[in-house]
Amino acid sequence: MARVAALWIYPIKSCGGISLNTVEVLTQGFKGDRQWMVVDLERKFLTQRQYPQLARVKPHITGDHLTLTFEDFVPLRLPGKITGPLKPVTIWRHQTQALDQGPEAAAWFSEVLQTPCHLVRQSPDHPRPLNPKYALWENQAVSFADGYPVLLTNTASVQDLAEKVGEPVPMNCFRPNLVVETETPFAEDQWQTLKIQDLTFVTAKPCDRCTIITTDQTTGDRHPTQEPLRTLDTFRRTDRGILLGINLMPTTAGNIAVGDQITINPTAI
(Lines give C-alpha, C1' and ligand atoms only; values in the text may rest on other atoms or scores of the structure.)
Protein backbone atom coordinates (compact mmCIF):
# COMPACT_ATOMS: atom_id res chain seq x y z
CA MET A 1 0.00 0.00 0.00
CA ALA A 2 1.27 3.47 -0.92
CA ARG A 3 -0.13 6.87 -0.07
CA VAL A 4 0.72 10.53 -0.56
CA ALA A 5 2.73 11.62 2.50
CA ALA A 6 3.61 15.20 1.46
CA LEU A 7 3.29 17.65 -1.41
CA TRP A 8 5.71 20.47 -2.16
CA ILE A 9 6.14 23.31 -4.61
CA TYR A 10 9.26 25.45 -5.06
CA PRO A 11 8.05 28.69 -6.66
CA ILE A 12 11.60 29.88 -7.42
CA LYS A 13 14.05 27.31 -8.74
CA SER A 14 16.55 26.28 -6.03
CA CYS A 15 14.94 28.46 -3.33
CA GLY A 16 12.85 27.25 -0.39
CA GLY A 17 9.69 25.21 -0.76
CA ILE A 18 6.08 25.43 0.36
CA SER A 19 4.34 22.39 1.85
CA LEU A 20 0.73 22.00 0.72
CA ASN A 21 -2.15 19.73 1.71
CA THR A 22 -3.58 19.76 -1.81
CA VAL A 23 -2.09 20.71 -5.15
CA GLU A 24 -3.39 21.40 -8.60
CA VAL A 25 -1.55 19.16 -11.02
CA LEU A 26 -0.86 20.48 -14.51
CA THR A 27 0.78 18.47 -17.26
CA GLN A 28 3.87 20.70 -16.96
CA GLY A 29 4.08 20.18 -13.18
CA PHE A 30 2.40 21.23 -9.92
CA LYS A 31 0.75 24.64 -10.23
CA GLY A 32 3.15 27.31 -8.97
CA ASP A 33 6.22 25.08 -9.02
CA ARG A 34 9.47 26.54 -10.36
CA GLN A 35 7.86 29.41 -12.20
CA TRP A 36 10.73 31.79 -11.38
CA MET A 37 14.48 31.36 -11.78
CA VAL A 38 17.61 33.31 -10.90
CA VAL A 39 20.03 33.90 -13.80
CA ASP A 40 23.46 35.48 -14.07
CA LEU A 41 24.38 38.43 -16.30
CA GLU A 42 24.72 36.04 -19.24
CA ARG A 43 21.17 34.89 -18.40
CA LYS A 44 22.29 31.37 -17.46
CA PHE A 45 20.42 29.71 -14.60
CA LEU A 46 21.85 29.69 -11.07
CA THR A 47 21.11 27.04 -8.43
CA GLN A 48 22.19 25.75 -5.03
CA ARG A 49 24.99 23.91 -6.82
CA GLN A 50 26.88 27.21 -6.98
CA TYR A 51 24.98 29.22 -4.35
CA PRO A 52 23.72 27.07 -1.46
CA GLN A 53 22.42 30.18 0.32
CA LEU A 54 19.47 30.10 -2.08
CA ALA A 55 18.02 27.48 0.29
CA ARG A 56 17.55 30.28 2.84
CA VAL A 57 15.32 32.30 0.50
CA LYS A 58 11.88 31.36 1.80
CA PRO A 59 8.69 31.88 -0.25
CA HIS A 60 5.35 32.79 1.30
CA ILE A 61 2.05 32.94 -0.56
CA THR A 62 0.21 36.11 0.49
CA GLY A 63 -3.03 36.53 -1.42
CA ASP A 64 -2.17 36.65 -5.10
CA HIS A 65 1.43 37.67 -4.38
CA LEU A 66 4.59 35.75 -3.56
CA THR A 67 6.69 37.22 -0.76
CA LEU A 68 10.33 36.21 -0.29
CA THR A 69 12.28 36.47 2.96
CA PHE A 70 16.01 36.09 3.61
CA GLU A 71 17.55 36.67 7.03
CA ASP A 72 17.07 40.34 8.03
CA PHE A 73 16.53 41.60 4.46
CA VAL A 74 13.46 43.66 3.65
CA PRO A 75 11.07 41.06 2.13
CA LEU A 76 10.70 41.03 -1.64
CA ARG A 77 7.12 41.04 -2.90
CA LEU A 78 6.49 39.59 -6.34
CA PRO A 79 3.22 40.35 -8.13
CA GLY A 80 0.82 37.59 -9.05
CA LYS A 81 0.32 39.14 -12.46
CA ILE A 82 2.54 37.56 -15.09
CA THR A 83 4.40 40.48 -16.60
CA GLY A 84 7.84 41.76 -17.61
CA PRO A 85 9.98 42.26 -20.72
CA LEU A 86 11.03 39.11 -22.56
CA LYS A 87 14.70 38.14 -22.26
CA PRO A 88 16.59 35.08 -23.56
CA VAL A 89 17.62 32.63 -20.81
CA THR A 90 19.49 29.33 -20.72
CA ILE A 91 18.68 26.35 -18.49
CA TRP A 92 21.01 23.43 -19.03
CA ARG A 93 21.34 23.17 -22.82
CA HIS A 94 17.96 24.71 -23.55
CA GLN A 95 17.39 28.34 -24.49
CA THR A 96 14.01 29.99 -24.12
CA GLN A 97 12.42 33.39 -23.46
CA ALA A 98 11.46 34.45 -19.95
CA LEU A 99 10.02 37.57 -18.31
CA ASP A 100 12.51 39.78 -16.47
CA GLN A 101 11.15 40.70 -13.03
CA GLY A 102 12.77 44.11 -12.86
CA PRO A 103 15.56 46.02 -11.10
CA GLU A 104 14.21 45.65 -7.54
CA ALA A 105 14.18 41.85 -7.74
CA ALA A 106 17.59 41.88 -9.46
CA ALA A 107 19.11 44.04 -6.71
CA TRP A 108 17.58 41.90 -3.96
CA PHE A 109 18.93 38.61 -5.33
CA SER A 110 22.27 40.21 -6.21
CA GLU A 111 22.65 41.10 -2.53
CA VAL A 112 21.59 37.60 -1.42
CA LEU A 113 24.11 35.90 -3.71
CA GLN A 114 26.74 38.64 -3.56
CA THR A 115 26.96 38.50 -7.35
CA PRO A 116 25.09 40.39 -10.09
CA CYS A 117 22.02 38.48 -11.24
CA HIS A 118 18.41 38.80 -12.38
CA LEU A 119 15.12 37.12 -11.52
CA VAL A 120 13.01 35.86 -14.41
CA ARG A 121 9.58 34.27 -14.65
CA GLN A 122 8.40 31.63 -17.07
CA SER A 123 6.43 33.05 -19.98
CA PRO A 124 3.17 31.29 -20.86
CA ASP A 125 3.82 32.28 -24.48
CA HIS A 126 7.22 30.53 -24.55
CA PRO A 127 6.77 27.03 -23.09
CA ARG A 128 9.90 25.06 -22.34
CA PRO A 129 9.81 21.66 -24.08
CA LEU A 130 10.47 18.47 -22.15
CA ASN A 131 13.23 16.14 -23.36
CA PRO A 132 11.69 14.57 -26.49
CA LYS A 133 13.27 11.22 -25.58
CA TYR A 134 10.81 10.93 -22.69
CA ALA A 135 7.97 13.26 -23.67
CA LEU A 136 4.51 11.72 -23.95
CA TRP A 137 3.52 14.02 -26.79
CA GLU A 138 5.20 16.46 -29.14
CA ASN A 139 6.32 19.70 -27.51
CA GLN A 140 5.22 18.58 -24.04
CA ALA A 141 6.05 21.49 -21.71
CA VAL A 142 7.82 21.60 -18.36
CA SER A 143 8.48 24.31 -15.78
CA PHE A 144 11.96 25.56 -14.80
CA ALA A 145 12.49 22.21 -13.03
CA ASP A 146 15.75 20.48 -13.96
CA GLY A 147 14.00 18.38 -16.57
CA TYR A 148 10.65 16.83 -15.66
CA PRO A 149 7.30 17.94 -14.25
CA VAL A 150 7.17 16.05 -10.91
CA LEU A 151 9.88 14.58 -8.68
CA LEU A 152 8.84 11.68 -6.42
CA THR A 153 10.65 10.32 -3.37
CA ASN A 154 9.78 7.33 -1.20
CA THR A 155 9.86 7.53 2.62
CA ALA A 156 11.18 3.97 2.90
CA SER A 157 14.09 4.73 0.55
CA VAL A 158 15.16 7.79 2.53
CA GLN A 159 14.84 5.88 5.81
CA ASP A 160 17.01 3.08 4.41
CA LEU A 161 19.62 5.64 3.37
CA ALA A 162 19.52 7.30 6.81
CA GLU A 163 20.18 3.94 8.48
CA LYS A 164 23.22 3.43 6.25
CA VAL A 165 24.48 6.99 6.90
CA GLY A 166 24.00 6.55 10.65
CA GLU A 167 22.19 9.85 11.16
CA PRO A 168 18.85 11.38 10.17
CA VAL A 169 18.51 12.40 6.53
CA PRO A 170 15.87 15.12 6.03
CA MET A 171 13.47 14.48 3.18
CA ASN A 172 13.67 18.13 2.14
CA CYS A 173 17.32 17.81 1.04
CA PHE A 174 16.00 15.85 -1.98
CA ARG A 175 13.56 18.67 -2.86
CA PRO A 176 10.68 16.40 -3.93
CA ASN A 177 7.29 17.49 -5.18
CA LEU A 178 5.53 14.25 -4.26
CA VAL A 179 6.55 12.22 -1.20
CA VAL A 180 5.14 8.70 -1.18
CA GLU A 181 4.90 6.57 1.95
CA THR A 182 5.63 2.86 1.41
CA GLU A 183 7.22 0.04 3.38
CA THR A 184 9.69 -1.02 0.66
CA PRO A 185 12.94 0.89 0.03
CA PHE A 186 13.53 1.75 -3.60
CA ALA A 187 10.33 0.07 -4.75
CA GLU A 188 9.89 3.14 -6.98
CA ASP A 189 12.71 1.87 -9.19
CA GLN A 190 10.25 -0.57 -10.73
CA TRP A 191 7.25 1.73 -11.08
CA GLN A 192 6.13 2.61 -14.58
CA THR A 193 2.84 4.35 -13.85
CA LEU A 194 0.92 5.38 -10.76
CA LYS A 195 -2.59 6.62 -10.28
CA ILE A 196 -3.69 9.12 -7.64
CA GLN A 197 -7.43 9.82 -7.59
CA ASP A 198 -8.21 10.01 -11.33
CA LEU A 199 -4.75 11.22 -12.41
CA THR A 200 -2.13 9.01 -14.05
CA PHE A 201 1.59 9.73 -13.76
CA VAL A 202 4.12 8.08 -16.08
CA THR A 203 7.75 7.53 -15.07
CA ALA A 204 10.30 9.33 -17.24
CA LYS A 205 13.57 8.29 -15.58
CA PRO A 206 15.26 7.94 -12.19
CA CYS A 207 16.64 11.10 -10.59
CA ASP A 208 20.42 11.54 -10.72
CA ARG A 209 21.61 13.21 -7.50
CA CYS A 210 24.25 15.91 -7.02
CA THR A 211 25.82 18.02 -4.28
CA ILE A 212 22.51 19.79 -3.57
CA ILE A 213 21.42 16.87 -1.37
CA THR A 214 24.34 17.67 0.97
CA THR A 215 22.89 21.14 1.60
CA ASP A 216 20.96 21.85 4.79
CA GLN A 217 17.75 23.36 3.44
CA THR A 218 17.32 25.50 6.57
CA THR A 219 20.83 26.94 6.98
CA GLY A 220 22.28 26.55 3.48
CA ASP A 221 25.36 24.82 4.93
CA ARG A 222 26.98 21.87 3.15
CA HIS A 223 27.38 18.68 5.17
CA PRO A 224 31.04 18.52 6.31
CA THR A 225 31.46 14.93 5.04
CA GLN A 226 29.22 15.28 1.97
CA GLU A 227 26.46 13.13 3.42
CA PRO A 228 24.10 11.70 2.35
CA LEU A 229 25.61 11.80 -1.16
CA ARG A 230 28.76 9.98 -0.03
CA THR A 231 26.84 7.00 1.35
CA LEU A 232 24.32 7.01 -1.49
CA ASP A 233 27.25 6.71 -3.89
CA THR A 234 28.29 3.42 -2.26
CA PHE A 235 25.15 1.52 -3.23
CA ARG A 236 23.15 3.58 -5.73
CA ARG A 237 25.73 4.52 -8.37
CA THR A 238 24.87 3.36 -11.88
CA ASP A 239 25.87 4.33 -15.39
CA ARG A 240 23.04 6.89 -15.14
CA GLY A 241 24.43 8.52 -12.01
CA ILE A 242 23.77 8.28 -8.26
CA LEU A 243 20.04 7.60 -8.12
CA LEU A 244 17.28 8.32 -5.63
CA GLY A 245 13.68 9.08 -6.58
CA ILE A 246 11.92 9.12 -9.93
CA ASN A 247 10.80 11.80 -12.35
CA LEU A 248 7.14 11.71 -13.34
CA MET A 249 4.96 13.15 -16.08
CA PRO A 250 1.23 13.73 -15.42
CA THR A 251 -0.92 12.74 -18.39
CA THR A 252 -3.79 15.09 -17.48
CA ALA A 253 -4.61 17.93 -15.08
CA GLY A 254 -6.46 17.61 -11.78
CA ASN A 255 -6.00 17.73 -8.01
CA ILE A 256 -4.37 15.45 -5.45
CA ALA A 257 -4.07 15.66 -1.67
CA VAL A 258 -1.98 14.40 1.22
CA GLY A 259 -3.39 11.07 2.36
CA ASP A 260 -4.56 9.97 -1.10
CA GLN A 261 -4.03 6.30 -1.86
CA ILE A 262 -1.79 5.44 -4.81
CA THR A 263 -2.27 2.61 -7.25
CA ILE A 264 1.04 1.37 -8.63
CA ASN A 265 1.48 -0.30 -12.00
CA PRO A 266 4.90 -1.83 -12.71
CA THR A 267 4.23 -1.91 -16.44
CA ALA A 268 3.95 0.97 -18.89
CA ILE A 269 0.58 2.19 -20.13
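Quick notes
- Neighbour cut-off at most 13 other Cβ (10 Å), DSSP loop, GluC sites (Glu not before Pro), segment 21-82: Glu42, Glu71
- Among the trypsin sites (Lys or Arg not before Pro) within segment 1-86, those in coil by DSSP and having at most 15 neighbouring Cβ atoms inside 10 Å are Lys31, Arg49, Lys81.
- For segment 188-204, putting each phi into the Karplus relation 6.51 cos²θ - 1.76 cosθ + 1.60 with θ = phi - 60° gives couplings of 4, 4, 9, 6, 10, 9, 9, 10, 10, 6, 9, 9, 10, 10, 10, 6, 8 Hz, in residue order, rounded to whole numbers and with x for Gly and Pro.
- Listed residues His94, Pro116, Val158: farthest to the positive end of the dipole of segment 2-159 (Cβ charges): Val158
- Built amide H within the under 5 Å cut-off of Cys117, gap 5+: Ser110
- In terms of distances greater than 30 angstrom between alpha carbons, the cross-link table entries Lys13/Lys133; Lys58/Lys87; Lys81/Lys205 yield Lys81/Lys205.
- For the residues Ile91, Ile18, a 1.4 Å probe over the protein chains yields an accessible-area ranking, largest first, of Ile18, Ile91.
- Backbone phi angles across segment 81-89, fed through the Karplus curve with coefficients 6.51, -1.76 and 1.60 (θ = phi - 60°), yield HN-Hα couplings of 5, 7, 8, x, x, 6, 9, x, 9 Hz in residue order; Gly and Pro are listed as x.
- Across every direction, the projection of the convex hull enclosing the Cα atoms of segment 162-251 has a mean area of 6.6 nm².
- Efficiency of FRET between Ala107 and Ala187 - r from beta-carbon atoms, R0 51 angstrom, step 0.05: 0.65
- Near Lys205, the amide H atoms lying under 5 Å from its own belong to Asn247; only residues 5 or more places off or on other chains count, and H is placed 1.01 Å from N.
- Accessible-area order (highest first, 1.4 angstrom probe) of the listed residues Thr215, Thr67: Thr67, Thr215
The values are calculated or read from the model by the stated rules, or taken from the named source; none is laboratory data. Predicted model only: the values in this text are computed from it and were never measured. Every residue, glycine among them, receives a Cβ derived from its backbone with ideal geometry; neighbour counts consider all protein chains shown. In case anyone asks, the SASA skips ligands and DNA or RNA and just uses the protein heavy atoms, side chains included. Shrake-Rupley method; radii C 1.70, N 1.55, O 1.52, S 1.80 Å.
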